[in-house]
Amino acid sequence: MADARVHKGVIPAAGLGTRLLPATKVVPKELLPLIDVPVIQLAVDEARASGIDDLIVVTSRGKEILADHFDRQPELEAHLRERGKLEQLAAVGDVGAGVRFHYTRQPEPRGLGHAVLQAAAHVGHEPFAVLLPDDVMLGPRPVLAQLLDHWRPGFAVVAVMRVAREEAGRYGIVAGDVAPGSRAFRVEHIVEKPAPADVPPVAWAVMGRYVLDADVFDILETLPPGAGGEIQLTDALAELARAGRLVAVAYEGERYDMGDKLGYVKAIITHGLERPDFRDRLAAYLRSLADAGRF
């Protein structure tokens, strides 16, 4: 069960979405759908299912529509009710239900650490979760809830997955290994986008779920720019690792990078095959493509 003491969450949503242009020229990447659910809503649903009921979304100029998505729309609800479209009405009414939303802006793109720092005034001295909506996590239990199982005051917890050494330069990489029978381990070292020579033999990459204590804000405020000239959350986590206060959890589930074109397509296909309303027809279509030699 998720730790009830952590009830605040931060969703960084200020990025420009350049990897998915031109689709994201006007539409925020966080509103691109996994079939019929925007990716930011998936992050909100995961937070809610993990016991988080207070969320602050860090946005940027032109992303006011993100707040609109989580607002009530009485005209649409009345339209659906009058026409007896009760399933769609329930889906619309469930968007963000039970969660208090707050919004703040990152004035300029200065990195994930800087985006998280914008939430400091709202979070205050409480522990909090961070969910990156680009990383869609599908599994038997919410990944954030799995992290909360291992969180305790004074520590930070991050989600990790094994990656090939040649892919490690795209991620924050932690040194350590999971003991037999456990999914969690103490992190001794973490580095953002390491050079190939610096990648440990077992490469554990940090994915977009974190549980942090509020003192991480003090670290972020004093950090110099890191990789890419940005304020990196990974650099703050490195300080916690040196103090023995960083735990990694090899979570159960699949992760899809919705900011990557191929990752986006994979997520749609995989999620589609789990949808009872059309999975059989989708599976039949994929088999027909295979039979026709299309792949």
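Any read-out appearing in this document is the output of simple, stated calculations on the displayed coordinates, not a laboratory observation. All values derive from a computational prediction rather than experimental measurement. Cβ sites come from the backbone with ideal geometry, for glycine too, and all protein chains shown count toward neighbours.
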Would you mind ranking 29, 193, 261, 8 by Cβ crowding within 10 Å, fewest neighbours first?
261, 193, 8, 29
May I ask you to evaluate 6.51 cos²θ - 1.76 cosθ + 1.60, the Karplus curve with θ = phi - 60°, for each residue of the stretch 39-53 and list the ³J(HN,Hα) values in order in whole Hz, giving x for glycine and proline?
5, 5, 5, 4, 5, 5, 4, 5, 4, 4, 5, 9, x, 8, 10
Sequence-distant aspartates and glutamates (8 or more away, or on other chains) whose Cα lies within less than 15 Å of residue 25
64
Enumerate by residue number the trypsin sites (Lys or Arg not before Pro) in the stretch 133-215 meeting two conditions: DSSP loop (anything except H, G, I, E, B), and at most 16 other Cβ atoms within 10 Å of the site's Cβ.
183
Kindly state, to the nearest 0.05, the FRET efficiency for residue 100 paired with residue 76, given R0 = 22 Å and r defined as their beta-carbon distance.
0.50
So for 207, 137, 161, fewest C-beta neighbours within 10 Å to most, what's the order?
161, 207, 137
In a shell of Cβ-Cβ distance under 14 Å around residue 77, excluding residue 77 itself, what net charge do Lys and Arg (+1) and Asp and Glu (-1) give?
-1
Exposed loop GluC sites (Glu not before Pro) only (DSSP loop, at most 15 other Cβ atoms within 10 Å): please give the longest stretch of the chain free of them, not including the sites.
65-187
May I ask you to list the lysines whose Cα is less than 18 Å away from that of residue 29, ignoring any residue fewer than eight positions away on the same chain?
63, 261, 266
Beyond 28 Å, what share of the Cα-Cα pairs of the chain remains, rounded to the nearest whole percent?
40 percent
Multiply the residue separation of residue 215 and residue 121 by 0.36 nm, subtract the distance between their alpha-carbon atoms, and state the gained length in nm to one decimal.
32.6 nm
Tilt of helix 279-291 relative to the longest C-alpha principal axis of the chain, in degrees (0 to 90, nearest 10)?
80 degrees
Final fewest-first order of 40, 269 on the 10 Å Cβ neighbour count is 269, 40
